[in-house]
Structures are given as C-alpha cells and as structure tokens.
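A short worksheet on the structure shown next.
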Amino acid sequence: MRKDTPLGIVLRRKWIVIFTFVVVVATAAAVSVSLQKVYGASARLLVTVSQGTQSFDTVQAGQATARSYAEIIASPNIAQRVATRLGAKEQNIESAMSFEQVPDTQLIKVSAEAPNADRAKQIADAYAQVFIEYARANLGRTTGASITLADAAPRPTAATRPQPTLYVLAAALFAIVLGTALALLRERLDRRLRTAEDVEAAFDVPVLARIPRRGRGESSIASFKEANRVLRTNLQFARGGANLRSIAITSGGQGEGKTTTTASLAIAAVEFGSKVLAVEGDLRRPALQAALLPEADETLQPGFSNYLVQSAELDEVIYPTSTPNVELLPPGPLPPSPAPLLESERAQTLVDDLVTRADLVIIDCPPLSVDADASVISQWVDGVIMVVDLKRSTDRSVRSAIRQLEAVQAPLLGFVVNRDSHVSGAEYEYYAPTERRKKTASRS
C-alpha cells in the first residue's frame, strides 16, 4: 500500500503520538506528586589499623577491615540496638538503612531514609554511633582496628525520592518511543484506503475520476458536477479510444456511492451530446429511480424484473426522466432470488437490445460483496467501473471485488474515488461553465 517513510507515517498519525505523550507524561507527573517524599542522610565511618606508621600494607589492611565491618553493620543485631535507642521498631530501622564500603578507601557509608529530613539524620547518626560502640567493645581487640565518625550526617534539604522532573523526563522519552511504535503498528494494521494515490499504488488500476464530497453550497455542487464530467471524458480513453456503449458501475461494499455515480455520469454524458439509458440492475436494494426521478412517489411498473420474466416488452419498461435524453429502466417488482433471472437467456441479450436505443447504457449494479449479481451483469457490458469510497473502502474489500471481476473476465476500466477530501473545489473551478464563472466574478 502506502510506501511512506517512518517519519511520514508518524506525521500522519501524529495524534496517536501526541495522545500517548500527553497520557504517559500526565500520568507520570500525577503519580510523582502523589508519592510520599523520602529524605536520605548519610554518615561516614573511618576504619584504621594501628601499626605505628601508616604504610601501603596498613592502608590495605584498613580497607579489608572496612569491608568486613560493612558486612557486620548490616546485621539485624545492630538494627535491634539502634531501634532500642531510638524507640522504634527493628524492621522499620532495618528497612530504612543501606551500607556501602566506599571503594578504595577505609570509609563506610551509613545511609538512612525517612519521610522526614530530621528523622533521616537522626537514624543515620544513631546507627553510626551504635556501631562505633559495638565495634570498640566487640571487634577492636580481635581486628586491631579502630573506628571513628569521619562525617556526621548532614540534614537533607531536599527529598531524594520522588524526583518529579526526572520521572517526567523519563516518561516523556518513553512516551515518544511508545507513541511512535503505536503509530507504526496502527499504520500496519490499517487497511483503509485514504487517497487516490493509495488506490492506484495498491491495485495498479487507473483512477478515472476523483469525486469530492457533494455539499450544499454552489461551489461544492459545481465541483461535484465537474468531477463527473471529467469521468465522462476519461471514459473515452479508457479502452484506448474504443467506443464504450455499455458500462456497469459497482463497488466492493454497500453505501460507497455507486448509484450516485451512475446518475451523475448519466447526466454528465448528456452534456456531451449522448442519449443515455440508465438501468437499475440492483434487484435487492434499488435506489436509482430515487436519484433520477426524485419526484416519483411510487416505483415505476412494469420494470426490469417484468421484462426478464417476459411479462413486459422493452418499450413498456423504459421511462423518461426529468433530465432530457436520460431514460430509466426501473427495477420492477423485487424477486426473492435475482440470480436465476439475471442468468436467463433474455438477460444475456438485454444490453445488445438496449444499445440500439441509446448511445450509452449505464447499469447500476449491486455491490460485488452481495452474491453474484454484479459478477453476472459485468459480463454483459463493454467495461466495469468500480467505485471506491475513501470513507468506507478497505484494501481487503477492493481486492476481493477485483478478484470476483477477474474470475468472470470482466473488463475493469478503472476506479472512481468517491468522497475524496483531498480534492478541493478550486481544482475544478477552471472547468466551471462560463456563466457561473462570470456570476462569481461579478459578485467579487
């Protein structure tokens, strides 16, 4: 399908990235603010081995002793002594402490955490003092080492956790990566067709016209009509200049605009001097009469189905419309199963009979996703036009429809891309009738 670069995909799916970014960052900020603040304070103990003069060996011995003391200070026995001194629970003191022998030194770092700055300092200092007393009473004679307070714990001025700025920055980086990944995944899973370029690139079938959404304004209506005139012009070259006398219009699914395209093409063809016969080929959910004869209150009778069952002749089932030189063959009574009627001998010769009465026969077919009706009708005509609605069609539905036409060797002329939001009214302004251009100019 689309051969966009990753950057192009991210730009098109930017709202996914933006939404992910906002949600993740806002969540991280909210969680950071709600977390309880934790303050950290650290005291340092100095372990020395007394052997007269300081030498490399005594320093090494002091460092080794410091490593041993760092293991001993983490003992629950020390935590119990500190808890007793501070009047706190042993598990609370033990969970608040961490110990580290500072690399390549004779120092032991005693760190405490608490929800209060003064409490963190108090615990760290108490732990350091208790261990000094314990080491002097129980370890000094054995190790020959002495331990002193090198640095009392300073009172912390800021919480060590949480760190909202750091958390938000980390969340922002994560959100960008996650949002980009979600955008790329959404692109991979998205089978919708968004532009006419998507349609041509995916199926290697020409786009005969890009039809804008028909609004109520004068400019919008004029642009819609001009787009259908472009379609009529392009059809003259769809078969290498060969004359097209009969066309079937279908789509991959329902509601994609095939009936509107049929009626609009019929009106546009009349402006080129053609006499057009529009046939309602959808015997399940007909809508062509409403498009060409909106003033009619009831379904015209007899119609297509009457002709197929040989209860009416051709002259009896063709009706004029409010548009000069456009005639209509209505559906007639809807049969319970249209397929047998469409495969009848009389149906096979229908188009040959109709082209003797008009310059162009346009058949509004049911969608290709509805049974085999459209596949049968497509074998009668010189060419088939498939309507692709950019608001509804997917890669899968169009591909399935093309396979159905290929199975019956139907001549697919090209696509009509319907409701193309990338087409602006200004693109067709140049082709607008002279009277309307003058009218517009006089207003300005």
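The values are calculated or read from the model by the stated rules, or taken from the named source; none is laboratory data. Values in this document were obtained by computation on a predicted structure and should not be read as measured data. Cβ atoms come from the backbone with ideal geometry, glycine included; neighbour counts cover every protein chain shown. Quick note on the areas: whole protein, heavy atoms, side chains included, nothing else; ligands and nucleic acids left out. Shrake-Rupley method; radii C 1.70, N 1.55, O 1.52, S 1.80 Å.
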Accessible area of T165, 1.4 Å probe, to the nearest 10 Å²? 100
Which pairs in the list K14/K37; K37/K109; K275/K391; K14/K225 are over 29 Å apart, alpha-carbon to alpha-carbon? K14/K37; K275/K391; K14/K225
Dipole magnitude of the chain, debye to nearest 20 (Cβ charges: Lys/Arg +1, Asp/Glu -1, about Cα centre): 2220
Along the charge dipole of the chain, pointing to its positive end and built from +1/-1 on Cβ of Lys, Arg, Asp and Glu, which listed residue (Q254, A145, F21) has its Cα farthest out? A145
If you place +1 on the Cβ of every Lys and Arg and -1 on the Cβ of every Asp and Glu, how big does the dipole about the Cα centre of the range 194-254 come out, in debye to the nearest 20? 360
Taking a ≥ b ≥ c as the square roots of the Cα gyration tensor eigenvalues, with a/c under 1.5 meaning rounded and otherwise prolate when a/b beats b/c, else oblate, which class fits the range 122-170? prolate
Note down the magnitude of the dipole of the range 272-367 about its Cα centre, charges +1 on Lys and Arg C-beta and -1 on Asp and Glu C-beta and zero elsewhere, to the nearest 20 debye. 180
Cα axis of helix 395-407 to longest principal axis of the chain: angle in degrees, 0 to 90, nearest 10? 40
Amide proton proximity set for S251, modelled H, under 5 Å, gap of 5+: L368, V387
Could you sort Y307, Y39 by accessible area so the largest value comes first, with the probe set to 1.4 Å? Y39, Y307
Pick the calculated Cα extents along the principal axes in Å for this structure from [x] 59, 45, 43; [y] 93, 61, 34; [z] 127, 58, 43? [z]
Please turn the phi angles of the range 359-364 into ³J(HN,Hα) values with the Karplus equation 6.51 cos²θ - 1.76 cosθ + 1.60 (θ = phi - 60°), one per residue in order, whole Hz, x for glycine and proline. 6, 9, 10, 10, 10, 8
Solvent-free Debye scattering, log10 I(q)/I(0), computed from the Cα coordinates of the range 279-403 at q = 0.09, 0.17 Å⁻¹: -0.26, -0.91
Taking the Cβ of Y127 as the centre, find all other residues whose Cβ is under 14 Å away and add up their charges (Lys, Arg: +1; Asp, Glu: -1). -1
On C-alpha positions alone, give me the angle between the axis of helix 164-189 and the longest principal axis of the chain, in degrees, nearest 10. 30
Residue-wise, which Karplus ³J(HN,Hα) couplings in Hz belong to the range 307-322, taking 6.51 cos²θ - 1.76 cosθ + 1.60, θ = phi - 60°, and x for glycine or proline? 5, 5, 8, 6, 9, 8, 8, 4, 4, 7, 10, 10, 10, x, 10, 6
Radius of gyration and maximum dimension Dmax of the range 139-196, Cα, Å: 27.7, 90
Taking N as the number of residues in the range 71-218, what value does Rg over Cα atoms divided by 2.2 N^0.38 Å take? 2.20
Given an 8 Å cut-off on Cα distances and at least 6 residues of separation, report the relative contact order of the chain as a percent. 18
Most mobile listed residue (V207, V351, V23) in the chain, GNM with C-alpha springs under 10 Å: V23
Between Y39 and residues 5 or more places away or on another chain, the pairs with built amide H atoms under 5 Å apart involve A114, N116, T160
Collect residues whose amide H, placed 1.01 Å from N in the peptide plane, falls under 5 Å from the amide H of R192; neighbours closer than 5 in sequence don't count. D395
What full-extension length gain, to one decimal in nm, is calculated for F19 and R396 as 0.36 nm per residue of separation minus the Cα-Cα distance? 132.9 nm
Which log10 I(q)/I(0) values does the range 257-325 give at q = 0.13, 0.26, 0.28 Å⁻¹ under the Debye formula, counting every alpha carbon as one identical point scatterer? -0.38, -1.31, -1.39
Anisotropy class of the range 341-389 from Cα gyration tensor, a/c 1.5 cut: oblate
Mean separation of Cα contacts under 8 Å (at least 6 apart) over the residue count of the range 1-139, i.e. the relative contact order in percent, is 29
Please give the helix 14-34 orientation as an angle from the longest Cα principal axis of the chain, in degrees from 0 to 90, rounded to the nearest 10. 30
At R0 = 35 Å, FRET efficiency that the Cβ-Cβ distance of T165 and T105 yields, to 0.05: 0.65
Mean-position separation - Cα centroids, the range 184-262 and the range 64-101, in angstrom: 79
Could you order D151, D198 by accessible surface area, starting with the largest, using a probe radius of 1.4 Å? D151, D198
Give the range of the longest stretch in the chain that excludes all GluC sites (Glu not before Pro) found in loop regions by DSSP and having at most 11 other beta-carbon atoms within 10 Å. 1-294
Please report the relative contact order for the range 278-354, taking Cα pairs under 8 Å with a sequence separation of at least 6, and give it as a percent rounded to a whole number. 35
For the chain, which whole percent of the accessible surface, found with a 1.4 angstrom probe, sits on carbon and sulfur atoms? 53
